[in-house]
Amino acid sequence: MTDVIQLLPDSLANQIAAGEVVQRPASVVKELLENAIDAKSKNITLIVKDAGKALIQIIDDGQGMSETDARMCFERHATSKIRKTEDLFSIRTMGFRGEALASISAVAQVELKTKRDEDTIGTQIIIDGSKFKSQEGVSTPTGTNIVVKNLFYNVPARRNFLKSNPVELRHIMDEFHRIALSNPEVSFYLFQNDLEVYHLKAGKLSQRIVHLFGKNYREQLVPCQEEVEEIKITGYIGKPENAKKSRGEQYFFVNNRFIRSSYLNHAVVNAYHGLIPENSFPFFVLFIELDPKHVDINVHPTKTEVKFDDERTVYSIVKSTVKKSLGTFNLTPSMDYSVDTNFIQNFRKDEKQENSGGFTFERPEPSQREKDNLKNWENLYFDAFENERFEKQVNIEKESKHLTFESAANKFDEGETRQVSGTEKALFQVDLSYIVTSVKSGLMIIDQQNAHERILFEKFKKNLENQQGHVQQFLFPETIELNAADYTLLKDLDNEVRNLGFSYEQFGKNTIALNGSPTLSSQKSGKELLLSLLEDYKSNHADSTYDKRESISRAMSKNAAIKKGKSLSKEEMQSLIDQLFGCENPNYTPNGEKTYYILEAKNIERMFN
Ligand code: ADP
Ligand code: MG
């Protein structure tokens, strides 16, 4: 037998290795931005086309490369950043493996132009799927200009594996945000399909945060600064009242490198303990600096995980720093106050919602009497002892509303276990969360929130399919200023969002005027609903395998559904049950949680024996 083992050709070896470094367009963006930062650039422009699938270009004004280095940089393990093992323990640059450019050029078409300040002429290199095409002198400004075209053009399996443009763009934005946050003294441009998404001027970290995430962050930033035992912590955290329902912006940087650490996350959340509701997430951008010899960044090829020698010390310093900032800025006492304001807001929300018929689905214009009622409620609210009267008033209000309920009783499934016997039946709420009624085979317990989620999900989906959401026009449009990322997302979901029943028009840069919201919705204002829809979509659905309509219906039903803790009138309960069993699939929420449970009579009997 002949020998069978052969060395792989370089190009193939590079392609295989590329799999580790280059997973998607965002990985290329990350590596190239890091290189520009390592080259001490002051101005960096990132241009992407077709979410980076067609083109990623980065232009920097950094150190540039010599003619030889320009050629060398595409070789595997070619780096200017470390020379010997010891250097690994004192890394201050972002890159150090010398793998990125070799990997990228193995799976794309790359053009590099670069020039050092001391050279009069620059150099241009073209390289296609690891194959060197040409190198020649070129006139180009000091710095580096690198174009990466048609990523994975030669690895169809990988190219097909890429997600939709909004998803890939979202990943690019994430990388961009991380680099932009950790380098506020560098100015950045980001263009997507020739549209300017960001122009970030060099400045302070606080300004960078506001530029990236929106003006409303200005008031909510609380500075953090601490230095203990050679560990330095700086950055900003968000005020407790601004904590979000979904994991929003949370960033840790260790020696200016973005890292993920659920352990340190826990330290921050722990510091907020008692100040924010459970399952809500505070904003933070925290920089941890320590001697590089105490951290190992070499544990993961994409370098977002690190290992500290002494994890516990870092944990407790992070926690105490955040606690101290919350304390120094008097956020603890102000919390009591903010609970009150939340309370008022919730109350107001309830007012609005009750006035528009609780969770009814077709919302009529408020009549004069209803408007008067609103006034009465406002008066009532300020009298804490009048709670009872308030309740009554609300109920009267609801009684007058139930006529508008859409009934699906005729579609009611006659299936044995589901049959509700008779119309005049006992129907009551337990814990303001569950509706209990008797059915033929026993007791039916319905989770009101889950049930409503299912009902809304099917409605929204239908509206999207038929391309007709019912819009409730506002008297006055509401302007909403979005951050650039959300604005891009909204543009991408434009069709779907409009078909849900949102009506809006462009109103200046990253700003829209909301003229109306879906009539199907209830507990939230149109603005809240739209914002939470975007938030939920990007954190839970952007990556999902469902199509846009399905994802958006899911996000929307989750947001608009009535919640546990909401008191329902008998008519509302009945309507909810009717509509639930008018659904195609009444048994589960879109996420597979049960909507109702039947406690069978024979099991009840067993309980007593
Ligand atoms: P690493 O960053 O790990 O060293 P890369 O493959 O990303 O590996 O880059 C290889 C080398 O090319 C770098 O060490 C650096 O010397 C050079 N280089 C890459 N990008 C730039 C740039 N934008 N400006 C100047 N030099 C660069
Ligand atoms: Mg690099």
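Laboratory data are not the source of any read-out in this text; all were calculated from the coordinates shown. A quick note: this is a predicted structure, and the numbers were derived from the prediction, not measured. When we count neighbours, we look across all protein chains shown, and the Cβ atoms used for this are built from the backbone with ideal geometry, even at glycine.
A few remarks follow.
- Protection proxy ranking of 37-43, 4-10, 108-114 - average other beta-carbon atoms within 10 Å, highest first: 108-114, 37-43, 4-10
- Computed extension length for Asp494-Asp50: 158.1 nm, one decimal, from 0.36 nm per residue of separation with the Cα-Cα distance subtracted.
- Exceedance of the 23 Å cut-off in Cα-Cα distance is limited, within the set Lys461/Lys527; Lys244/Lys524; Lys215/Lys538; Lys204/Lys245; Lys40/Lys323; Lys244/Lys566, to Lys204/Lys245; Lys40/Lys323.
- The magnitude of the dipole of segment 10-203, with charges of +1 and -1 set on the Cβ of Lys/Arg and Asp/Glu and taken from the Cα centre, is near 440 debye.
- Counting other Cβ atoms within 10 Å as a rough exposure proxy, the listed residues Tyr487, Tyr537 run Tyr487, Tyr537 from fewest neighbours to most.
- Calculated FRET value between Glu185 and Glu118, using beta carbons and R₀ = 22 Å, to 0.05: 0.35
- Computed over every Cα-Cα pair of segment 207-328 and binned at 5 Å starting from 0, the pair-distance distribution P(r) comes out as 2, 11, 22, 24, 19, 13, 7, 1 percent.
- C-alpha center-to-center spacing [segment 1-38, segment 256-283] in angstrom: 35
- 5 angstrom amide H check on Tyr198, placed H, neighbours 5+ away: Leu190
- Calculated from backbone phi, Karplus (6.51, -1.76, 1.60) coupling profile of segment 488-503 in Hz, x at Gly/Pro: 4, 4, 4, 4, 5, 9, 2, 4, 5, 4, 5, 5, 6, x, 7, 10
- Note on Arg312 and Asp3: their simple-model spin labels are 5.4 nm apart, each label 7 Å out from Cα toward Cβ.
- Calculated FRET efficiency, Ala17 to Val138, Cβ-Cβ distance, R0 = 41 Å: about 0.90 to the nearest 0.05.
- For segment 462-512 versus segment 66-82, the spacing of their alpha-carbon centroids is 48 Å.
- When Tyr434, Tyr596, Tyr263 are arranged by Cβ crowding within 10 Å, least crowded first, meaning fewest neighbours, the order is Tyr263, Tyr434, Tyr596.
- With a cut-off of 11 Å between beta carbons, the residues surrounding Gly238 carry a summed charge of -1, where Lys and Arg count +1 and Asp and Glu -1.
- Cα-based Kirkwood hydrodynamic radius, segment 460-608, one decimal, Å: 17.1
- In whole percents, the pair-distance distribution calculated for segment 10-203 from its alpha-carbon pairs, binned every 5 Å from zero, is 1, 8, 16, 21, 21, 18, 11, 3, 1.
- Neighbour counts of other Cβ atoms within 10 Å put Thr79, Thr68, Thr321 in the fewest-to-most order Thr68, Thr79, Thr321.
- Within the shell of other residues whose beta carbon sits under 13 angstrom from the beta carbon of Ile16, the net charge comes to -1, with Lys and Arg scored +1 and Asp and Glu -1.
- Coupling constants for segment 591-597 follow from the phi torsions by the Karplus curve (6.51 cos²θ - 1.76 cosθ + 1.60, θ = phi - 60°), and in residue order they are 8, x, 8, 5, 9, 8, 9 Hz; glycine and proline get x.
- Working note: Karplus 6.51/-1.76/1.60 with θ = phi - 60° gives segment 221-236 the couplings 7, 10, x, 10, 7, 6, 9, 9, 6, 6, 10, 10, 10, 9, x, 9 Hz, where Gly and Pro are set to x.
- Nonlocal amide H pairs with Val254, under 5 Å, H built at 1.01 Å: Ile259, Ile288
- Sequence-distant residues sharing a close amide H with Ser503 (under 5 Å, placed H): Asn515, Gly516, Ser517
- Positive contributions from Lys and Arg (+1) and negative ones from Asp and Glu (-1), summed over other residues with Cβ under 12 Å from the Cβ of Pro25, come out at +4.
- Using the Cβ-Cβ distance between Glu86 and Asn279 with R0 set to 35 Å, the FRET efficiency works out to roughly 0.15.
- When the charge dipole of segment 207-328 is built from unit charges on Cβ atoms (+1 for Lys and Arg, -1 for Asp and Glu) and taken about the Cα centre, the candidate among Gly274, Thr321, His211 whose Cα reaches farthest toward its positive end is His211.
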